[in-house]
Amino acid sequence: MQTVTLIPGDGIGPEIVEAVKQIFEAAKAPIQWEEELAGETALAQKGDLIPTSLTDSITHHKVALKGPLATPVGKGFKSINVSLRQKFELYQNIRPCISTVGIDTKFDQVNTVLFRENTEGLYSGLSYYDERLKIVDSISRISWSGCTRIVKAAFDYAQKNNRKKVTVVHKANILKRSGGMMLEAASTISKDYPSLTWDDKIVDNMCMQLVIRPEQFDVIVTSNLFGDILSDLCAGLVGGLGVVAGANIGDGCAIFEAVHGTAPDIAGKGIANPTALLRSAVMMLEYLDEITIAQKINQAIDKTLAQVEQRTGDLGGKANTQQFTEYVIQNIV
Ligand code: NAI
């Protein structure tokens, strides 16, 4: 039995976390949860946005499942998500975007895995405000070690998972040094992976290519900001934010979470789609080498999503979160 830190999160977080707990129990997944608060709920109850008990729990168990956390827009505290990724050096943000049979989208052959650098770039937190001149400098810090480790992670993943191609996404025509460094890293690292091909795309062209012919992409690797934006774009290709999973992985520590946020527009209504967090929890089982149980839950999700009446409203169905959860449980074999 593996103990995992569980952060319920804000907004729809507690509703979709409850769904995962019920499905894991029904599937007899060998996981026990240690619940810890973060963000605004932690501030209200424990007087700290990131309580020591939370960081101690992650340090100890080395694996966490996290519901989404709210970040104030344009003011207030620094994103807890960004802080946790930086604190635990979770430099790989892995976001698979794969078409699901039955979910009606414009494309049915999407099968990409996006690797987003997760600790550097414009999210480094290096922001300076000159009050007198009213000028903000937000520094995009990119390091050679940061570029090489994310590019290597993407090539490693591609090789281990029988993928064929890695596409590096950048803006090196304008951001010559920072974009150029990621390209140079790919050129160097690719020599160790002769069975893989690789190419590169400028990010603006990449956006267009993804919405015209997404099936041409396999593994994608890019910087923090571009990865943040491209992963929501990719989510839109396969059914939206309700279905796309994510993993934040470092050397020896990992936090799994959906790509989506707290969905304040539907929070508290009991209608959120728990698939994205559930698929993230399945990625966690794979990370923990619990492959059989991961496949069992994935098959139950696929079977549920294949039937329109069993889906949640965002995917054209009528089920609420609890009903969807019960359908997945019934579909576990
Ligand atoms: P969002 O992802 O919360 O919502 C965007 C749209 O997708 C909304 O219409 C929402 O209802 C829908 N949606 C998202 N997840 C869904 C689900 N599971 N089922 C059905 N519909 C779903 O993005 P938004 O509104 O930009 O951000 C809200 C808050 O979430 C912000 O405070 C933001 O900072 C935070 N956030 C947190 C993330 C995290 O914890 N990793 C990631 C993204 C945003």
Sites LEU126 and GLN299, calculated FRET efficiency, Cβ-Cβ separation with R0 30 Å, nearest 0.05:
0.10
Taking the Cα centre of the chain as origin, sum charge times position over the Cβ atoms of Lys and Arg (+1) and Asp and Glu (-1), and report the length of that vector in debye to the nearest 20.
660 debye
Which one, THR312, ILE150, ILE80, is farthest towards the positive end of the dipole of the chain when Lys and Arg carry +1 and Asp and Glu -1 on their Cβ?
ILE150
Could you go through region 187-192 in sequence order and give the Karplus-derived ³J(HN,Hα) for each residue, using 6.51 cos²θ - 1.76 cosθ + 1.60 with θ = phi - 60°, rounded to whole Hz, and x for Gly and Pro?
4, 6, 5, 4, 4, 7
Can you list the residues, at least 5 places off or on another chain, whose amide H is less than 5 Å from the amide H of VAL63, using H built in the peptide plane?
THR5, ALA254
Please list the non-local residues whose amide H lies under 5 Å from the amide H of LEU90, H modeled 1.01 Å from N, same-chain partners needing a gap of 5 or more.
none
Kindly put SER79, SER187 in sequence by how many other C-beta atoms sit within 10 Å of each C-beta, fewest to most.
SER187, SER79
Distance in nm between LYS165 and GLN209 label points, each 7 Å along Cα→Cβ, equals 0.7 nm
CYS97's amide H: which non-local residues (gap 5+, or another chain) put their own amide H closer than 5 Å, with H modeled 1.01 Å from N in plane and none for Pro or chain starts?
THR112, VAL113, LEU114
Relative contact order (percent, whole number), region 87-133, Cα cutoff 8 Å, 6+ residue spacing:
39 percent
If contacts are Cα pairs under 8 angstrom and at least 6 residues apart, what is the relative contact order of the chain in percent?
22 percent
Only helices counted: for the chain, with every DSSP H run of 4 or more residues adding -39500 (n - 2.57) and the sum spread over all residues, [θ] at 222 nm is -12500 deg cm²/dmol
Which whole-Hz ³J(HN,Hα) couplings does region 54-70 yield from phi under the Karplus relation 6.51 cos²θ - 1.76 cosθ + 1.60, θ = phi - 60°, glycine and proline marked x?
5, 5, 4, 5, 5, 4, 6, 8, 6, 9, 9, 10, 10, x, x, 10, 6
For region 1-146, what is the convex hull volume of its Cα atoms per residue in Å³?
186 Å³
Over region 106-237 - Rg/Rh using Cα atoms and the Kirkwood inverse-distance radius:
1.02
Positive-pole candidate from LEU65, GLY239, VAL168, dipole of the chain, charges at beta carbon
VAL168
Provide VAL244, VAL221 in ascending order of the number of other Cβ atoms located within 10 Å of each residue's Cβ, fewest first.
VAL244, VAL221
Go through the chain and flag any cysteine with no other cysteine's C-beta closer than 4.7 Å, please.
CYS147, CYS207, CYS253
Under Karplus coefficients 6.51, -1.76 and 1.60, residue-wise ³J(HN,Hα) of region 237-251 in Hz, glycine/proline x:
7, 10, x, x, 5, x, 10, 9, 8, x, 9, 10, 10, x, 8
Lys and Arg at +1, Asp and Glu at -1: neighbours of GLN86 with Cβ under 10 Å from its Cβ sum to +1
Ratio of the chain's C-alpha Rg to 2.2 N^0.38 Å, to two decimals?
0.98
How far apart, in nm, are two points set 7 Å out from the Cα along the Cα-to-Cβ line at LYS176 and at ASP251?
3.3 nm
Report the FRET efficiency, 1/(1 + (r/R0)^6), for THR59 and ASP289, where r is their Cβ-Cβ distance and R0 is 25 Å, rounded to 0.05.
0.75
The size of the Cβ-based charge dipole (Lys, Arg +1; Asp, Glu -1) of region 106-237 about the Cα centre, to the nearest 20 debye, is 220 debye
Here the gain from full extension of LYS87 to ASP48, 0.36 nm per residue of separation minus their alpha-carbon distance, amounts to 12.5 nm
Modelled label-to-label distance, GLU35 and ILE329, 7 Å Cα→beta-carbon offset: nm?
1.7 nm
Kindly work out what percent of the DSSP beta bridges joining two residues of region 167-284 are antiparallel, to the nearest 5.
40 percent
Please give every one of the lysines within straight-line cross-link reach of LYS191, meaning a C-alpha to C-alpha distance under 24 Å, and leave out same-chain neighbours fewer than 8 residues apart.
LYS152, LYS160, LYS164, LYS165, LYS171, LYS176, LYS201
Hey, fewest Cβ within 10 Å first, where do ARG213, ARG149 land in order?
ARG213, ARG149
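Just so you know, all these numbers are worked out from the coordinates, no wet-lab data involved. Computed from a predicted structure; not experimentally measured. Please note: Cβ atoms are built from the backbone with ideal geometry, for glycine as well, and neighbour counts cover all protein chains shown.
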